[in-house]
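S.K.: Provided herewith is a single structure, encoded as structure tokens, for subsequent inquiry.
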Amino acid sequence: MSSLAVYLHTSPELPNKVLNHADDIASTLAAVGIDYRQVELPAALRPGCEQAEFDAAYGLWLQALMSREGHVQQELFNLPRNHPQKLELRARYLDEQVQASVSAWLFIGGFAQLSVHLDGYVYLLQGERGDLLTLPAGTRHWFDLGEEPHALVVRLSVSDEAPERTGDDIARRFPRLGD
């Protein structure tokens, strides 16, 4: 089950609210300009599936989604618990970053945590299968795969520019996946 915890950015110890219903998550995020929805996925795949299996199940479907939403780039996070580079890959996204263009995160299998820092609040979404979260351009965020990753997630972007670190240490003050 997906969940959203909302914190004041100055109070990482205790969330203001924790939501577990998709409609509540969607309305809370919509109030700050973030689109959250659950989408029907074409196939059930597990983290760690082969690239050919992913492409066969999601290639055409993902291209159609990207075309509808205006995305031109995708980055796949496909990590089973025993991935040999799991700690290095996790560390790449644990610091707050910002992307100048619109980006979206599609959770296909397993789970991961996407955190957004916006308007004095931090929104921690533990996303699961079927969650699609679209971040407006310039949204500060970080992504946590967990100490024992089990995630199949795609980051989509409307440009080919990569997110840049903000230099703010806020991500270190908030709960990480599994805390």
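The values are calculated or read from the model by the stated rules, or taken from the named source; none is laboratory data. Being a predicted model, the structure only gives us computed values, none of them experimental. When we count neighbours, we look across all protein chains shown, and the Cβ atoms used for this are built from the backbone with ideal geometry, even at glycine. The protein model used for the area step is the full one, side chains on, heavy atoms only, and it has no ligands, DNA or RNA in it. Shrake-Rupley method; radii C 1.70, N 1.55, O 1.52, S 1.80 Å.
S.K.: If you scan the range 90-121, which residues turn out to be among the aliphatic types (A, V, I, L, M), touching an Asp or Glu at 6+ places or on another chain (Cβ under 9 Å) and buried (at least 21 other Cβ atoms within 10 Å of the Cβ)?
M.R.: Those that are among the aliphatic types (A, V, I, L, M), touching an Asp or Glu at 6+ places or on another chain (Cβ under 9 Å) and buried (at least 21 other Cβ atoms within 10 Å of the Cβ): Leu106, Ala112, Leu114.
S.K.: Take the range 71-89 and flag every residue that is open to solvent by less than 50 Å² (accessible area, probe 1.4 Å) and more than 15 Å from Val154 (Cβ to Cβ).
M.R.: Matches in the range 71-89: Pro80, His83, Lys86.
S.K.: Another one. Restricting attention to the range 16-61, which residues are part of a strand (DSSP E or B) and surrounded by fewer than 16 Cβ atoms within 10 Å (Cβ to Cβ)? I'd like the intermediate steps shown before the answer.
M.R.: Residues of the range 16-61 part of a strand (DSSP E or B): 17-19, 35-38.
Selection gives Lys17, Val18, Asp35, Arg37.
S.K.: Do you know which residues across the range 122-139 are farther than 16 Å from Met1 by Cα and either in a loop (DSSP other than H, G, I, E, B) or among the β-branched types (Val, Ile, Thr) (or both)? Give the steps one after another, and end with the answer.
M.R.: Our first condition is that a residue be farther than 16 Å from Met1 by Cα; within the range 122-139, this holds for 122-123, 134-139.
Correct list: Val122, Thr134, Pro136, Ala137, Gly138, Thr139.
S.K.: Which residue pairs have Cβ atoms under 9 Å apart, sit 6 or more places apart or on different chains, and have a first residue in the range 165-179 that is small (Gly, Ala, Ser) and a second that is at pLDDT 95 or above and open to solvent by 40 Å² or more (accessible area, probe 1.4 Å)?
M.R.: Hits for this filter: zero, empty list.
S.K.: Mind checking which residues of the range 140-163 are open to solvent by 10 Å² or more (accessible area, probe 1.4 Å) and part of a loop (DSSP other than H, G, I, E, B)?
M.R.: Listed by number, the residues that qualify are Glu147, Glu148, Val158, Ser159, Asp160, Glu161, Ala162, Pro163.
S.K.: Next up: Out of the range 26-53, which residues are of a type outside the set (A, V, I, L, M) and farther than 24 Å from Leu135 by Cα? Reasoning before the result, please.
M.R.: The initial filter retains those residues of the range 26-53 that are of a type outside the set (A, V, I, L, M), namely 27-28, 33, 35-38, 40, 42, 46-51, 53.
Matches in the range 26-53: Arg46, Gly48, Cys49, Glu50, Gln51, Glu53.
Each row is one residue, and each column tells you yes or no for (1) free of Cβ contacts under 8 Å to residues at least 60 places away in the same chain; (2) under 24 Å from Ala171 (Cα atoms); (3) not aliphatic (A, V, I, L, M).
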| residue | (1), (2), (3) |
| --- | --- |
| Gly59 | yes, no, yes |
| Gly70 | no, no, yes |
| Pro84 | yes, no, yes |
| Arg90 | yes, yes, yes |
| Tyr93 | yes, yes, yes |
| His117 | no, yes, yes |
| Tyr121 | no, yes, yes |
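S.K.: If you don't mind, another one. Being open to solvent by 10 Å² or more (accessible area, probe 1.4 Å), on the phi < 0 side of the Ramachandran plot, among the small types (Gly, Ala, Ser) and not in a helix (DSSP H, G or I), is that true of even one residue in the range 164-171?
M.R.: no
S.K.: Consider Leu125 carefully, then state whether it is closer than 19 Å to Leu29 by Cβ and surrounded by 16 or more Cβ atoms within 10 Å (Cβ to Cβ).
M.R.: On the way: closer than 19 Å to Leu29 by Cβ: yes; surrounded by 16 or more Cβ atoms within 10 Å (Cβ to Cβ): yes.
For Leu125, the condition - closer than 19 Å to Leu29 by Cβ and surrounded by 16 or more Cβ atoms within 10 Å (Cβ to Cβ) - is met.
S.K.: Given the conditions (1) free of Cβ contacts under 8 Å to residues at least 40 places away in the same chain; (2) closer than 28 Å to Leu118 by Cα; (3) in contact with a helix residue (DSSP H, G or I) (Cβ under 8 Å, 6 or more places away or on another chain), which single one is not true for Leu76?
M.R.: Leu76 satisfies all of (1) free of Cβ contacts under 8 Å to residues at least 40 places away in the same chain; (2) closer than 28 Å to Leu118 by Cα; (3) in contact with a helix residue (DSSP H, G or I) (Cβ under 8 Å, 6 or more places away or on another chain) except (1).
S.K.: Oh, and also: Would you confirm whether any residue within the range 142-149 is within 20 Å of Asp23 (Cα to Cα), in contact (Cβ under 8 Å) with a residue 60 or more places away in the chain and in contact with a strand residue (DSSP E or B) (Cβ under 8 Å, 6 or more places away or on another chain)? Step through it out loud before you land on a result.
M.R.: The initial filter retains those residues of the range 142-149 that are within 20 Å of Asp23 (Cα to Cα), namely none.
No - not one qualifying residue is present in the range 142-149.
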